[in-house]
1. Hey, can you tell me all the residues within region 41-70 that are β-branched (Val, Ile, Thr) and over 20 Å from residue 13 (Cβ atoms)?
2. For region 1-50, give me the residue count where each residue is small (Gly, Ala, Ser) and closer than 20 Å to residue 68 by Cα.
3. Just to be sure I understand, how many residues within region 13-32 are within 12 Å of residue 62 (Cβ to Cβ), touching a helix residue (DSSP H, G or I) at 6+ places or on another chain (Cβ under 8 Å) and not aliphatic (A, V, I, L, M)?
4. Under 9 Å by Cβ, and 6 or more places apart or on different chains, what pairs join a residue from region 61-73 that is modelled with pLDDT under 95 with one that is of a type in the set (Ser, Thr, Tyr) and in a loop (DSSP other than H, G, I, E, B)?
5. Quick one: which helices (runs of 4 or more DSSP H) lie wholly within region 2-68 and hold at least 3 residues that are among the polar types (S, T, N, Q)?
Amino acid sequence: MRQQREKIKALFESRPGDWIPLPEIQPYAAQYGTRIFELKRPPYSMNIVNMTKRVDGIKHSWYKYTPKVVVRADKQYEMNLRRQCAL
């Protein structure tokens, strides 16, 4: 299970923002849905969304991983910005 989860994680991280069709994920794990669910939970907390479409009555699925953006203000930058705004 751990190896399956890590392989799916690596696939998503190699293609951030891309819609990955389900047939590309399935070879990594028979229970791909469970592995993706695990990746959405801590300690991974990956932002993974699913899209489905019916084409001629057949359901097609895609998954997309969007990395979280962490914004951290640099203290020196923040002090310089405050000085400029005070002028």
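The values are calculated or read from the model by the stated rules, or taken from the named source; none is laboratory data. All values derive from a computational prediction rather than experimental measurement. With ideal geometry, Cβ positions are generated from the backbone for all residues, glycine too; neighbour counts draw on all protein chains shown.
1. At the first step, the residues of region 41-70 found to be β-branched (Val, Ile, Thr) are 48-49, 52, 55, 58, 66, 69-70.
Matches in region 41-70: 52, 55, 58.
2. Let us first name the residues in region 1-50 that are small (Gly, Ala, Ser), namely 10, 14, 17, 29-30, 33, 45.
Those left that are additionally closer than 20 Å to residue 68 by Cα: 10, 14, 17, 45.
Residues that pass the stated criteria total 4.
3. Within region 13-32, residues that are within 12 Å of residue 62 (Cβ to Cβ), touching a helix residue (DSSP H, G or I) at 6+ places or on another chain (Cβ under 8 Å) and not aliphatic (A, V, I, L, M) number 1.
4. Partner pairs satisfying both residue conditions: 68/45.
5. Answer list for region 2-68: 2-14.
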